[in-house]
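Chemist: Mind looking over this structure? Questions follow.
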Amino acid sequence: MGHNSLNLKSYLALLYYRLRYKYQDLKLKLDIKIANWNKKGKERLTVMVIPHSEQKTINFHISYRAITIFIGTILVLLLISSINVLSHSGSIHQLTELNLSNQDFIRQSAKMKEEINSLHEHVEYYHNHVGSLYGRLTGDNSKVAKGIGGAEKLSIGSDKNLAPGAEVFRLKEDVHNLKVANELTQEIISILKKRKNLIRQTPSIWPVKGYVLYPYGEYLNPITARRDFNNGLDIGAFPGSEVVATAPGTVYEIGYTRNTGYFVKVAHKFGWKTIYSNLDRVKVKANQQISKNEVLGFVGKSENSPQYSLHYEIHVGTRAIDPFAFLNQIQD
């Protein structure tokens with residue numbers, strides 16, 4: 001163990017002296033070079049300027065050190081100038097790219113404004129027409145009023161008078177108006193479905209092919225020669241012509257009298273009732289469900305109506321109304 005420790009110390013000492021020797025050798029060489037450079041630098045060059053005329057020759061002396069410093073300064077200045085030129089070129093390139101990007105942004109912005117204006121015009125058209133239809137259907141215009149709007153058309157040519165965020169405001173306005181129009185559309189569809197159902201249940205066609213003999217209201221009775229009140233409509237037709245139901249419903253009464261001949265009474269939804277008299281014969285039964293255009297019976301005549309005709313009445317509740325206003329006036 002002691003022997004190994006002695007060898008390590010000897011090795012480290014030897015390494016130390018070797019490194020010290022190399023350091024001293026390098027230092028000596030460097031000192032010699034510096035001394036030679038200083039000696040060379042102190043040497044001078046003589047520059048003579050000999051004019052072509054007989055003027056005195058001009059002599060001046062310059063050392064190598066001064067020449068070296070001068071050349072080094074020139075090189076440093078050239079390097080700095082090169083760096084500045086390259087930096088300036090890069091800045092010009094960046095400015096060019098920024099200018100191109102800005103022009104592209106302006107074009108894209110103008111295109112976006114055109115699309116927003118086009119969208120706004122379509123939204124306005126849709127909102128106005130839906131609102132107009134809703135107002136006519138319900139008579140209520142309170143829901144039709146526009147919401148957050150009022151912004152004018154976006155300027156495409158210049159941004160000077162355009163408030164910041166105008167595009168966003170316009171889009172918010174259009175989204176709101178679209179939402180209102182969509183809600184109104186859903187209500188209109190619901191209203192139309194209800195009215196369509198009402199129309200389907202409303203007597204709306206001619207019960208028989210023919211012509212009007214005696215209208216609803218006062219008329220001159222040809223049998224009594226007196227003015228009577230007609231609760232319905234007398235329609236002249238060929239004998240045996242088919243009499244059809246003018247709306248779907250339920251037959252709630254069938255009968256016969258000398259004055260009316262055979263008659264059929266039909267109840268419909270929403271309080272409608274229709275009566276068909278002066279029938280020669282009846283094809284349906286009491287409590288039978290019938291559809292629109294289904295044959296109820298056939299045209300005949302009675303003591304009160306010596307002509308072949310159909311007496312047709314429409315009642316709402318217990319009140320008779322003019323059937324002529326419903327003949328082909330309301331369609332599905």
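Chemist: Rounded to whole Hz and in sequence order, give me ³J(HN,Hα) for the stretch 184-201 from the Karplus expression 6.51 cos²θ - 1.76 cosθ + 1.60, θ = phi - 60°, writing x for Gly and Pro.
Modeler: Values, residue by residue: 5, 4, 4, 5, 4, 4, 5, 5, 5, 4, 5, 5, 5, 5, 5, 5, 5, 8 Hz.
Chemist: Can you tell me the accessible area per residue over the stretch 211-326, all protein chains present, probe 1.4 angstrom, in square angstrom?
Modeler: Value returned for the stretch 211-326: 53 Å² of accessible area per residue.
Chemist: Using θ = phi - 60° and the Karplus relation 6.51 cos²θ - 1.76 cosθ + 1.60, list the HN-Hα couplings for the stretch 290-299 in order, rounded to whole Hz, with x at every Gly or Pro.
Modeler: 10, 10, 4, 6, 6, 6, 9, x, 9, 5
Chemist: I would also like to ask the following. Please identify which residues in the stretch 191-217 have an amide N closer than 13 Å to a label point set 7 Å out from the Cα of LEU133, following the Cα→Cβ vector.
Modeler: Answer for this model: 191-193.
Chemist: Extent of the stretch 211-326 along each principal axis, from alpha carbon coordinates, in Å, largest to smallest?
Modeler: 40, 27, 23
Chemist: Right, something else. Compute the distance in nm between two label points, each set 7 Å from the Cα along the Cα-to-Cβ direction, one at LYS39 and one at LEU14.
Modeler: Distance between label points: 3.9 nm.
Chemist: How large a share of the accessible area of the stretch 211-326, in percent, is made up of carbon and sulfur atoms when the probe is 1.4 Å and the other protein chains stay in place?
Modeler: Values: 3200 of 6130 Å².
So the carbon and sulfur contribution to the accessible surface is 52 percent.
Chemist: At most 10 other Cβ atoms within 10 Å and a DSSP loop assignment: could you name the trypsin sites (Lys or Arg not before Pro) in the stretch 252-307 that fit? Display every interim value, and only then the final one.
Modeler: Numbers: sites: ARG258, LYS265, LYS269, LYS273, ARG281, LYS283, LYS285, LYS292, LYS301; in loops: ARG258, LYS283, LYS285, LYS292, LYS301.
Those satisfying the criteria are ARG258, LYS285.
Chemist: Enumerate the calculated ³J(HN,Hα) couplings along the stretch 76-81 in order (Karplus 6.51 cos²θ - 1.76 cosθ + 1.60, θ = phi - 60°), each rounded to whole Hz, writing x wherever the residue is Gly or Pro.
Modeler: Coupling constants for the stretch 76-81: 4, 5, 5, 4, 4, 5 Hz.
The values are calculated or read from the model by the stated rules, or taken from the named source; none is laboratory data. Here the structure is a predicted model, which means the values were calculated and not measured. Using ideal geometry, Cβ is built from the backbone for each residue, glycine included, and neighbour counts are taken over all protein chains shown. Surface accessibility is based on the protein's heavy atoms, side chains included, excluding ligands, DNA and RNA. Shrake-Rupley method; radii C 1.70, N 1.55, O 1.52, S 1.80 Å.
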